[in-house]
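The values are calculated or read from the model by the stated rules, or taken from the named source; none is laboratory data. Predicted, not measured: the structure shown is a model, and the values here were computed from it. Please note: Cβ atoms are built from the backbone with ideal geometry, for glycine as well, and neighbour counts cover all protein chains shown.
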Amino acid sequence: MEMQPYDPKVIEPKWQKKWEEAHAFEAESDHAKPKFYGLIEFPYPSGNGLHVGHPRSNTAMDIIARKRRMQGYNVLFPIGWDAFGLPTENYAIKNNVHPAAVTQKNIDHFREQLKKIGFSFDYSREVNTTDPDYYKWTQWIFLKLFEHGMVFRDKTLVNYCPSCKVVLSNEDSQGGKCDICHGDVVQLPKDVWYLRITKYADRLLQGLDIVDYPENIKQQQINWIGKSTGAFVRFPIAGADESLEIYTTRPDTLFGVTFMVMAPEHPLIDKYAGRITNMDAIRAYREECAKKTEFERTQLVKDKTGLCIEGLRGVNPLTGREVPIFISDYVMMGYGTGAIMAVPAHDQRDWEFARKFGIEIIQVIKGGDIEKEAYTGDGEMINSGFLNGYTNKKDSINRVLEEIEKKGIGRAGVQYKMKDWAFNRQRYWGEPIPLIHCPHCGVVAVPYEELPLRLPDVEDFQPGTDGKSPLAHIDSFVNCTCPKCGAPAQRETDTMPQWAGSSWYFLRYCDPHNDTAFASREELDYWMPVDWYNGGMEHVTRHLLYSRFWHKFLYDIGEVGCPEPYMKRTAQGMILGTDGEKMSKSRGNVINPDEIIDEIGADAFRLYEMFMGAFDQAIPWSTNGAKGCRRFLDRVWRLQEMLVPGDGYSEGLNCLMHETVKKVSLDYEAMKFNTAIAAMMTLVNEMYAAGSVTMGEMRTLLLLLNPVAPHITEEMWERCGFEGTMVRQSWPTWDEAAMVRSEIEIAVQVCGKVRGRIHVPADMTKEQAEAELPAREDVQKLLGGKTVVKAIYVPGRLLNLVAR
RNA sequence: GCCGGAGUGGCGGAAUGGCAGACGCGGCGGAUUCAAAAUCCGUUGGCAGCGAUGUCGUGCGGGUUCAAGUCCCGCCUUCGGCACCA
């Protein structure tokens, strides 16, 4: 009988429908079972539809989730939509439609695309951040943060994107570029709502010790948090009743201070404007600095600019020595105290500044050549009063800190590069911030029972030129009464950033339909923490940090039971265009997943995305490579023609079967999908070489391949007449004993070079082999008359003969 | 400048210190076909040789070792992240 050819267009929809009807992938309510919570970053449903990067991340977790089900776990593998955000809002403005309508359309399109790839998501737990039933709880958590003093308003210099017309957090403006439109960000003084993430800086660092993240992700977070230890020291201002406080990591160099520097925006300058004799020049310099873009300020580091503040002098609190105070934009207002003590002998930036302005350089640590550059190494302390003779940096820092505290001129302290999270956006398509401005009571929280505070319908989503959110123009939204005193009051009109909804969505998945809590504690305690979270590297210093922060806060107020949300994090590499460049519309190198699936089927598409290279590395797309994966599935399909009876493994394939089960099982766990698939390809090649496949061999092969290629394996499972569907079969096991061969082939090296191969008994010991093998005839032949000095036998591998 | 990766055939990439190049793509030869596609079989790192075989080969220069793609020291190139962070 002629066998039907492999036709994914028929079998893929067939099985997708069957799975859906059987609710095959819905998490079970049975809390007695061991659980596995696998998570992928929920997508932003953009108008462009799915790109080939989504399936790479999703397939990887899908493989793990499917394997876990077969291992007997109760698996939660959810999906949802991170749907607030500017691209949708901008599209809505441009096309004159409501963002909610755009969002719904995009979500429907995404869901349809994901279903076509056969991911084993639990669609019954879908969440959507723009759904009022969801953002009610985003607002609820915000109010909890507010209640606990974690929300504050401050007028400071903030990152502002003139093109998107929004204030951005530090995380959203890395490198001085807007994260949304990639345009230049400017610094403006603005009144902004902040979340006190810096209060959690230390905890966010410590938490990294108990989680399983790749080292580079940990490092990036550590660098972003940027903790440094040092000291705050007050330098009295000569002739005034006030001090200029500085932060330094090198208090041991206090005796080498020859000047001080303030940031251009430092408030003390205005306070003493009357005493400063060159205030006009100072004002001119400040204006010059304000005009510089982030790029100019950071890239032109070679040439330091600045100006001496005439009429203000600082006094070194340890030596009594008077030093000049400068203003310069190499000191930032946003870090430390906005002022520094300058030690040109031992800090390269101070050294360059001193050289330019002809300031004295006093060496206090022996070493280097301070005529050429600052010496930042260790050495014996000199010119440093009570510190003279100290040779250990730690000791001298401890000694000087002791002295500073004794004299009451400062204290030890820490600083972080991370800043508080600028949290409000002047845009429409986000969660309304549930706060009310009352003329009598100040800022008042919207009562919990009034949540969700819904987004009002508006005609015009365009942000105002006045820097206000579109909501500010809706009187019916803005005007309200104060919940405290009943007086007429006004609502906050800014919305939350896109990162708000994604900071806790993994909690909602645990209990997505709960309308009395964001999730019940019982469900949270069962499912949390997330066992395995896969996503992209671009979220390491944004979403990953923000959500850890929210989670730790919820933990502190007793709402969740675990201190870290994600036990294990992995990250996939980016898929590049066939030209090796990042995919982009403008380059015209975008691969459309729909077209690939249409051509080779979803299973081959999944297979190729996992096979193309190391999972965590960037990799260019290869059209032929993808076809090769389809070819492999065709070969698997045709194995049906070679089926012979037998539940076990045939003698010739027995070893390889066990080896492959082991290899594939371990490689999936390590996300080494490429080598797992290679092992299955080798097995299939050997089956062809053998000319027949037993039922038992077929069964195992289908089980191993199922997580990667679920449709074809289900279809073949059915055609082979195996029981049930594959979803809840048991994962195959291997037997180490079965993998031992009686005789093995090893390489023979002479002086480290391979000269030939011989067969030896597998159970030969090292001693035995080294004593007996050199004398063997086939070994002697390879020696070419040389005399063996030493023999080294590596069991199962090789024999190396050192010979003369 | 700092932090973290990566440099291996024509290409994507494999290799607990132990036979470099698994697996796939591409190429070449053959079978099948009227022909092509598809499929199947064989072959495929460079150089020399009809051949067995020899020889050179994992970015560069040293080193450790019986044995180095892998470990150590010193560089180069490249990608990603941060960056005047006191």
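Of note:
- Only residues that are in contact with a His (Cβ under 8 Å, 6 or more places away or on another chain) and surrounded by 13 or more Cβ atoms within 10 Å (Cβ to Cβ) were counted in the range A:460-483, giving 2.
- One residue alone among A:45, A:34 is touching a Gly at 6+ places or on another chain (Cβ under 8 Å) and over 21 Å from residue A:705 (Cα atoms), and that residue is A:34.
- Residue in the range A:716-738 that is within 12 Å of RNA strand B (Cβ to nearest atom) and part of a loop (DSSP other than H, G, I, E, B) present: no
- Residue match in the range A:60-79 (condition: surrounded by 20 or more Cβ atoms within 10 Å (Cβ to Cβ), in contact (Cβ under 8 Å) with a residue 12 or more places away in the chain and among the polar types (S, T, N, Q)): no
- Check on residue A:87, on the phi < 0 side of the Ramachandran plot and touching an Asp or Glu at 6+ places or on another chain (Cβ under 6 Å): no
- Residue A:626 being among the hydrophobic types (A, V, I, L, M, F, W, C) and in contact with a Leu (Cβ under 8 Å, 6 or more places away or on another chain): no
- Which listed residue, of A:618, A:670, A:676, is at negative phi, touching an Asp or Glu at 6+ places or on another chain (Cβ under 7 Å) and either surrounded by 15 or more Cβ atoms within 10 Å (Cβ to Cβ) or free of Cβ contacts under 8 Å to residues at least 60 places away in the same chain (or both): A:676
- Top-ranked residue in the range A:639-671 [being in a helix (DSSP H, G or I) and of a type in the set (D, E, K, R); ranked as nearest to residue A:569 (Cα to Cα)]: A:669
- Residue satisfying all of: in the range A:197-227; in a loop (DSSP other than H, G, I, E, B) and either within 26 Å of residue A:248 (Cα to Cα) or within 12 Å of RNA strand B (Cβ to nearest atom) (or both); farthest from the chain's Cα centre (by Cα) among these: A:227
- Among helices (runs of 4 or more DSSP H) entirely within the range A:1-98, having at least 3 residues that are more than 32 Å from the chain's Cα centre (by Cα) singles out A:8-21.
- Criterion applied to A:361, A:365, A:282, A:370 was being closer than 30 Å to residue A:186 by Cα and in contact (Cβ under 8 Å) with a residue 24 or more places away in the chain, and the one residue passing it is A:282.
- Leading residue by the ranking (nearest to RNA strand B (Cβ to nearest atom)) among those in the range A:392-425 that are in a loop (DSSP other than H, G, I, E, B), modelled with pLDDT of 90 or more and of a type outside the set (A, V, I, L, M): A:417
- If you filter the range A:344-373 down to residues that are farther than 21 Å from residue A:311 by Cα, modelled with pLDDT of 90 or more and of a type in the set (A, V, I, L, M, F, W, C), you find that the one that is surrounded by the most Cβ atoms within 10 Å (Cβ to Cβ) is A:365.
- Residue within the range A:235-252 that is in contact (Cβ under 8 Å) with a residue 40 or more places away in the chain, of a type in the set (Phe, Trp, Tyr) and not in a strand (DSSP E or B) present: no
- Just one of (1) surrounded by fewer than 21 Cβ atoms within 10 Å (Cβ to Cβ); (2) under 25 Å from residue A:608 (Cβ atoms); (3) among the hydrophobic types (A, V, I, L, M, F, W, C) fails for residue A:695. It is (2).
- Under the condition of being outside any helix (DSSP H, G or I) and near RNA strand B (Cβ under 8 Å from one of its atoms), the residues counted in the range A:672-692 number 1.
- Hey, residue A:309 within 11 Å of RNA strand B (Cβ to nearest atom) and in a strand (DSSP E or B) or not: no
- Unmet requirement for residue A:616, which otherwise passes all of (1) within 24 Å of residue A:672 (Cα to Cα); (2) modelled with pLDDT of 95 or more; (3) of a type in the set (Asp, Glu): (2)
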